[in-house]
1. Tell me, what ³J(HN,Hα) does each residue in the range 22-29 have, in order and in whole Hz, if you take phi through Karplus 6.51 cos²θ - 1.76 cosθ + 1.60 with θ = phi - 60° and put x for Gly and Pro?
2. I81's amide H: which non-local residues (gap 5+, or another chain) put their own amide H closer than 5 Å, with H modeled 1.01 Å from N in plane and none for Pro or chain starts?
3. Rounded to a whole number, what % of the accessible area of the chain do carbon and sulfur atoms account for, probe 1.4 Å?
4. For semi-axes √(5λ) of the Cα gyration tensor in Å, several values are listed as (1) 52, 14, 11; (2) 18, 17, 15; (3) 30, 14, 11; flag the one computed from this structure.
5. Taking loop as defined by DSSP and a crowding limit of 16 other beta carbons within 10 Å, which trypsin sites (Lys or Arg not before Pro) in the range 51-113 fit?
6. Leaving out ligands and nucleic acids, and using a 1.4 Å probe, what accessible area per residue does the chain come to in Å²?
7. Could you give each residue of the range 105-120 its phi-based ³J(HN,Hα) in whole Hz, using Karplus coefficients 6.51, -1.76, 1.60 with θ = phi - 60°, and x for Gly or Pro?
8. What lysines sit close enough to K44 to cross-link, taking a C-alpha to C-alpha distance under 19 Å and skipping anything fewer than 8 places away on the same chain?
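The values are calculated or read from the model by the stated rules, or taken from the named source; none is laboratory data. Computed from a predicted model, the values in this text were never measured in an experiment. Every residue, glycine among them, receives a Cβ derived from its backbone with ideal geometry; neighbour counts consider all protein chains shown. When the accessible area is computed, the model is the full protein with side chains, heavy atoms only, and any ligands, DNA or RNA have been set aside. Shrake-Rupley method; radii C 1.70, N 1.55, O 1.52, S 1.80 Å.
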Amino acid sequence: MKIYISHSSLYDYTNEIYKPIKNSNLFKSNTFFLPHEDKIINTKDVISNCDLVIAEVSLPATGQGIELGWADYAKIPILCINKKGTEISSSLKFITNQFIEYQSVEDMIKKMTDFIEKIN
């Protein structure tokens, strides 16, 4: 499965998302596009060729909103994840009904794994 990871650039994505994904079994069995590592030239094209977009939405971000709009337009499933206790944008409900709240990095990976296994 090809999975695009979307997040705010203000988020500690290296330690909170990228490293945990790379150290998980998810990374061995799926292809991940990590936008701040992969140096993607045309994000819109990459998203339209993915099977899933996982959006870490604990922090609001205009660029992420654009990416999620592209995914929604291309009919790519979107999973929104957020840290417990954060308030997420209510407008996200217009592009997905898939939301996961997590308490820790380990919990995030487990819940993402469970979700991906269900849709595969």
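1. For the range 22-29, the Karplus-derived couplings read 4, 8, 9, 5, 4, 5, 6, 10 Hz, x marking Gly and Pro.
2. Amide H neighbours of I81, under 5 Å, 5+ apart: A55, E56, V57, I100.
3. Carbon with sulfur: 50 percent of the solvent-accessible area.
4. (2)
5. When the trypsin sites (Lys or Arg not before Pro) of the range 51-113 are filtered for loop state and at most 16 Cβ neighbours within 10 Å, K75, K84 remain.
6. On the way: 6840 Å² over 120 residues.
Each residue of the chain exposes 57 Å² on average to a 1.4 Å probe.
7. 4, 5, 5, 4, 4, 4, 5, 5, 4, 4, 5, 5, 4, 5, 8, 6
8. K2, K75
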